[in-house]
Amino acid sequence: MLEVKSTTGLVALIGYPVGHSLSPLMQNAAFASAGLDLVYLAFAVAPPDLPAALAGLKALGFMGANVTVPHKEAVIKYLDAVEPIAARIGAVNTIVNKDGRLTGYNTDAGGFLRSLREAGFDPAGKQAVILGAGGAARAVAFALAGAGCAALTIANRTLEKAGCLAAELTGLKVPVGACNLQEEELRPRIEGADLVVNATSAGMAPAVEAVPLPAAWLNSRQWVYDLVYNPLETKFLRQARQRGCRVISGLGMLLYQGAAAFTLWTGKTAPVEVMRNVLLKATGEPM
Ligand code: ATR
């Protein structure tokens, strides 16, 4: 049991809602394992209260924070500085408080890439399709473009949002296309892809029967990554596996964005295996 003292340092999670988040379990286990006198607490902050919550981080001397849905983009204007990758992505998921100055970082993009490479997929020279154009898709798109993908397609239910994200990526010297999720537009792009990433919320509990596209469009040459980790194996991932695709769940991205945040706050290497085991236990996987 954690002993909270008057010297204990504080790290916050700011989101709305936050009750589903596994980050408190993961980060508190990491702090304890590293012998750090730190505690990680989740706060449900409604959008109008976001500036007050950030002022509170400073006033109460929090060491830092994670930021989650729906605040990752809105938080930027209340920070004192934003590191260049987070500024380009337009989303911050980690804040470091140094002497009352709040700096924003994005560890989602790096976390995604690390988990992808750990699974055995190197995106350099590959064709990728990203389903979705929200906050998570933005981090994945900038990560893949920065890692030297040969071509990217952003496919989204709302075509306009896909077009906006594709336009923002044009400076990165990767051919980027945008389309909607309709068969005639998307199917040929999926069939030509080496990697398909589901960055929509389709399939997330409680709507576990939803899939972002028909599995019949996939083939066994492909890798399929689903950012959803609740459930750990979505219906889409299960169907992809059954078609012979190599599949990656969202747990790795959750783990490695958290590991990178841990290092930003503490300056120490994260105890990744401790954190992974906490996540596997919480999601009901055998360890
Ligand atoms: P996150 O931060 O998780 O990316 P978000 O910014 O709200 O969340 O983005 C959610 C994404 O999932 C969007 O691309 C959304 O599509 P729209 O832009 O058309 O809203 C997509 N999405 C959500 N539910 C979906 C569904 N049932 N089918 C397909 N796409 C869906």
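The values are calculated or read from the model by the stated rules, or taken from the named source; none is laboratory data. Quick caveat, the model's predicted, so the values are computed rather than measured. So basically every Cβ, Gly included, is an ideal-geometry build from the backbone, and we count neighbours across all protein chains shown.
Scanning region 116-154 for residues that are crowded, with 22+ Cβ neighbours inside 10 Å and among the polar types (S, T, N, Q) yields a single hit, 153.
Let's see how each residue does on (1) surrounded by fewer than 19 Cβ atoms within 10 Å (Cβ to Cβ); (2) farther than 27 Å from residue 231 by Cα:
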residue	(1), (2)
9	yes, yes
25	yes, no
80	yes, yes
94	no, no
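Meeting the requirement of 2 or more residues that are away from the ligand (no atom under 15 Å from the Cβ) and outside the structural domain of residue 72 (by TED's automatic domain parsing), the helices (runs of 4 or more DSSP H) wholly within region 102-204 are 108-119, 135-146, 183-191. Restricting attention to region 247-279, the residues being within 17 Å of the chain's Cα centre (by Cα) and either among the basic types (Lys, Arg) or part of a helix (DSSP H, G or I) (or both) number 18.
Would it be correct to say that residue 55 is more than 22 Å from residue 201 (Cα to Cα), more than 16 Å from the ligand (Cβ to nearest atom) and surrounded by fewer than 16 Cβ atoms within 10 Å (Cβ to Cβ)? The answer is yes for residue 55. Assess whether residue 48 counts as being more than 23 Å from the chain's Cα centre (by Cα) and at pLDDT 95 or above. It is true that residue 48 is more than 23 Å from the chain's Cα centre (by Cα) and at pLDDT 95 or above. Only residues that are surrounded by 19 or more Cβ atoms within 10 Å (Cβ to Cβ) and either in contact with an Asp or Glu (Cβ under 7 Å, 6 or more places away or on another chain) or of a type in the set (Gly, Ala, Ser) (or both): list them for region 11-20, please. Within region 11-20, 12, 15 qualify. Here residue 76 meets the list (1) away from the ligand (no atom under 16 Å from the Cβ); (2) assigned to a helix (DSSP H, G or I); (3) in the same structural domain as residue 276 (by TED's automatic domain parsing) almost entirely, failing just condition (1).
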